[in-house]
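Input: a single structure, listed below in structure tokens.
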2 protein chains.
Amino acid sequence: MEDLRTAGYQGAIYPVGTSGGRLGDLEILPSLRLIPGEVDYVIVAVPRQSALDLLDDCAAKNVKAVHFFTAGFSEMDTRQGRKLEQQMVEKARRGNMRLIGPNCIGAYCPEHRIPFLMGILGESGSVGFLSQSGGIATKLATIGIARHINYSKGVSFGNGIDLDASDFLQYLAADPKTRVIAAYLEGTRDGARLFDTLKKVARAKPLVVWKGGRTEAGAQAALSHTGSLASSPAIWSGMLKQAGAIEVHDLEELTDALLIFQQIGRGPGTRAAVIGGLADGGGGNSVAAGDACVENGLEVPPLSFETKQKLGQLLGEVGGIFSNPVDVSQAQFRGLATLFQAIDLIVRDTVSDIVLIQEDVEILLPIYSQKGLEEINGFLIELAGRQGKPTIVVLPSGSVETERLQVEQKLLAGSIPVFYSMERAARAICGLNRYYSAGGRMKPSSSRPAQM
Amino acid sequence: MEDLRTAGYQGAIYPVGTSGGRLGDLEILPSLRLIPGEVDYVIVAVPRQSALDLLDDCAAKNVKAVHFFTAGFSEMDTRQGRKLEQQMVEKARRGNMRLIGPNCIGAYCPEHRIPFLMGILGESGSVGFLSQSGGIATKLATIGIARHINYSKGVSFGNGIDLDASDFLQYLAADPKTRVIAAYLEGTRDGARLFDTLKKVARAKPLVVWKGGRTEAGAQAALSHTGSLASSPAIWSGMLKQAGAIEVHDLEELTDALLIFQQIGRGPGTRAAVIGGLADGGGGNSVAAGDACVENGLEVPPLSFETKQKLGQLLGEVGGIFSNPVDVSQAQFRGLATLFQAIDLIVRDTVSDIVLIQEDVEILLPIYSQKGLEEINGFLIELAGRQGKPTIVVLPSGSVETERLQVEQKLLAGSIPVFYSMERAARAICGLNRYYSAGGRMKPSSSRPAQM
């Protein structure tokens, strides 16, 4: 209640509870049947023993959808829990209602100011998600706020006894505000339908799926969490691959994929220019960056002879690396204008489709100070906009987190995707390439999020 | 000069330069030969054209060791560069001197207050390292400061024309203050000797090796970086495995390994108890944690029947997961004393050898506030000390980095290793188990660093 009102939800809200009394300026009604007019949506937090009575009240009011926070059903692995769920579904069918949950935190919609618990609410955007886990759903929302991954709609659906993954996938596939779809799944009651849905959805929009409970330990937890039964990880992987979905294996990989799909709505190509040592320390990092890119599926072709030669003239012969990865650290002795010229030269070289820039705030800050740091990032944003070649910044964490977070926010606001390691950036780009080279159908006209 | 003096280096320092003049209260001597008395160590930053003359001066003063910052040798891939290196080695042999570098940042020794560039200097400890890259060496030092990985000695040796990886490995293996050794290598001039050394060293102490330049792109950068020639990654991996060294593939994996080897000087065993949801959001995270542990080589056995039963009584039946991974989030409705009892129960269960606790500051803070957060981490430190079972905290980054960093520092100061994801923690523990089960010879009596 408090969260919805604080978030600025504009619809009418009616608190209902047997206690009666008031909640701020609102009267708590002793029964749902006493609400004046129509009820679109009911959010339930009563004990499970009252779930069936509540559904009777909902049916009497012709409610369309009911979301149950309430837990204690099939995830307890008891006969009683499973029976109760069955009865709820029957009541919903008879009353022409649809259920979200039980055992879940329900809907998230920034556009209509519907937050998650604790009032978590980000900007409205083009990524839709569904999650069987409320914790993972909440993490998607909070990481979204931090990394500028902006959502159209999201839903946590817990045990999914009525509306299931397939229903939410179909909804998001049809939703004109959703361009990319993320799913965290622990299991399904209808594998054949899910496979069929995944295929159709992935053909319409990029679909990134994280299957939790791949191992016995994970599956055991999934059973206690959302009552999901195990099935082999190989079956899931095969199904996702055949459906044309992008499979990811953890929260990092999932949010990395969402960020890159949101920002770059096409397959950029695999040939990467890798630039490191913006101030210093570019040698070993360039070696490591080359390994990380190639081991994660990118190519790192040598720069053209002409570019190499110009870089040598610009930066001097000693101490740099001018092949690719490129170490431009010698610019530190010649000033920012030289650094910018060098980066511009590398980006313009047609040997690459995409540019990966390693920026280490810990090293930059003592050499260029806060002002230089701002100039460098302003230049990168300007350059990416001007050149049109997809440009990504790798910004590892370190000992100056406040400044690093500021840089990250500035770059993200400037439409540059930011990753925390070269491995993660390369892996995300490769997912993008794989999806589009397999015939993903996103139209080029909708290739950038609307708000950018 | 400035760095050494600021760091508090206690030995005599003599600035030498053809310019003459003064540096603060010190006179700049126009020649090294004018230094009164013996010279132990020379740090060189002259242009490469003066390298040979300088070595003549060093020989005349009976200098023992010379470190060259100076770059522009074989890493330029020129005949001139290679020839100059050869002449330097010849002069060193004739003068009975040893060389570090060229093209490197040299020695790091917290105990004797010898910092890296920019005055980087951490606490003295038990981890020794060698690195062909100055950038990676500096990163090891700064990450060490942030993560309480404390070094005995470190060295960046660049092109390694005289003293090579094998020499530094032998030194660290014999050094009584070094218990764990880390190496970042790009190549070697003597593969047979290196292999032999690796074998001997890994038998004496845990040895963690990151080989840079595994791919063509990485190897190309390595050639320009330290003049290292490529060899197949499969050959390196095979060699490291046969030698009994732990191979890692990036900076994260390397520092994770150093932290766990420093803190837990034995193979703890593979059976993990995984505790999540200290406040909320423990469901999906428990599923994911189970997957991450098992996929990275740990076992996650179910808790004993007795522990499960006690947890059910303590936390109530609904909303928790009491198998393993364990979701204790229901304690949020019963207070911290209940949370601590639950964790204590799980840790005491003999089904596990090691405890992994997922702590999400972003979720904990709004529920328990700063005071609760401090109590929880105080309890974890106390518990780990009391129970003696290796206890590790997974502390993902999120939207409250200041508080997260405070928690990390508190836990590290309390001797609890902290990782940023379950995957990384599980992988590090497995490296530890593999090393000790293969017959690593560290004595149990030296199983904790001296300073703890």
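Worth a mention:
- Derived scalar couplings ³J(HN,Hα) [region B:298-313; Karplus, 6.51 cos²θ - 1.76 cosθ + 1.60; whole Hz; x for Gly, Pro]: 9, 9, 10, x, x, 5, 5, 4, 4, 5, 4, 4, 5, 5, x, 5
- Qualifying aspartates and glutamates (Cα of each under 14 Å from Cα of A:K199; at least 8 residues distant if same chain): A:D167, A:E247
- Karplus-derived 3J(HN,Hα) values for region B:233-239, using 6.51 cos²θ - 1.76 cosθ + 1.60 with θ = phi - 60°, are x, 5, 5, 4, 4, x, 4 Hz; glycine and proline are entered as x.
- A simple spin-label model places the labels of A:E375 and B:E27 4.0 nm from each other, with each point 7 Å out along Cα-to-Cβ.
- Measuring from each Cβ of chain A to the axis that turns chain A onto chain B, the shortest distance belongs to A:E401, 3 (residue, then whole Å).
- Shortest-first distances to equivalent copies, position A:H112, nm, label 7 Å out along Cβ: 7.1
- Exposure proxy order (Cβ contacts within 10 Å, fewest to most) of A:S286, B:S126: B:S126, A:S286
- Calculated FRET value between A:A337 and A:L4, using beta carbons and R₀ = 60 Å, to 0.05: 0.70
- Rounded to the nearest 500, the 222 nm mean residue ellipticity of chain B from helices alone is -14000 deg cm²/dmol, with -39,500 (n - 2.57) taken per DSSP H run of at least 4 residues.
- Of the beta bridges in chain A, as assigned by DSSP with both residues counted there, near 20 percent are antiparallel.
- Per residue of B:68-77, other chain Cβ atoms within 10 Å of the residue Cβ number 2 on average.
- If you take the Cα centroid of region A:33-73 and the Cα centroid of region A:157-234, the two points sit 25 Å apart.
- Fully extending the segment from B:A59 to B:S304, taken as 0.36 nm per residue of separation minus the present Cα-Cα distance, adds 81.2 nm.
- Charge dipole magnitude, Cβ of K and R +1, D and E -1 - chain B, Cα centre, debye nearest 20: 1540 debye
- C-alpha long axis of helix A:51-60 to longest principal axis of chain A, angle in °: 80 degrees
- For A:E216, the point set 7 Å out from Cα toward Cβ sits 4.4 nm from its twins in the other copies, listed from shortest up.
- The mean number of partner chain beta-carbon atoms within 10 angstrom of a residue's beta-carbon across peptide B:133-143 is 6.
- For region B:1-73: rounded, prolate or oblate by the Cα gyration tensor [a/c cutoff 1.5]: rounded
- With a cut-off of 11 Å between beta carbons, the residues surrounding B:S124 carry a summed charge of +1, where Lys and Arg count +1 and Asp and Glu -1.
- Per-residue shielding of B:401-407, expressed as the average number of other chain Cβ atoms within 10 Å of the residue Cβ, stands at 2.
- Charged neighbours of B:D353, selected by a Cβ distance under 10 Å, balance to +1 (K, R count +1; D, E count -1).
- A:E111/B:I13 FRET efficiency (R0 56 Å; Cβ-Cβ; nearest 0.05): 0.30
- Couplings 3J(HN,Hα) for region B:119-136, derived from phi with the Karplus relation 6.51 cos²θ - 1.76 cosθ + 1.60 (θ = phi - 60°), are x, 5, 7, x, 7, 7, x, 10, 9, x, 9, 10, 8, 6, 9, x, x, 5 Hz, where x marks Gly and Pro.
- Region B:78-135 versus region B:4-30: alpha-carbon centroid distance in Å: 20 Å
- Acute angle (nearest 10 degrees) that the helix B:191-204 long axis makes with the longest principal axis of chain B, alpha-carbon atoms: 50 degrees
- Shortest first, A:Q49 label-point distances to identical copies amount to 9.3 nm, with the label point at 7 Å from Cα along Cα→Cβ.
- Charged side chains reduced to their Cβ positions (Lys and Arg at +1, Asp and Glu at -1) give region B:55-205 a dipole of some 360 debye around its Cα centre.
- Spatial separation of Cα centroids for region A:331-345 and region B:306-365, in angstrom: 55 Å
- Think of each Lys and Arg Cβ as +1 and each Asp and Glu Cβ as -1; about the Cα centre, that makes the dipole of region B:2-100 roughly 380 debye.
- Amide H contacts of A:L23 (H built 1.01 Å from N, under 5 Å, at least 5 apart or other chain): A:I28
All of the numbers you see were taken from the coordinates with simple rules; none came from a lab. Nothing here was measured: the structure is a model prediction, and the numbers come from that model. All Cβ positions, glycine included, derive from the backbone under ideal geometry; neighbour counts span all protein chains shown.
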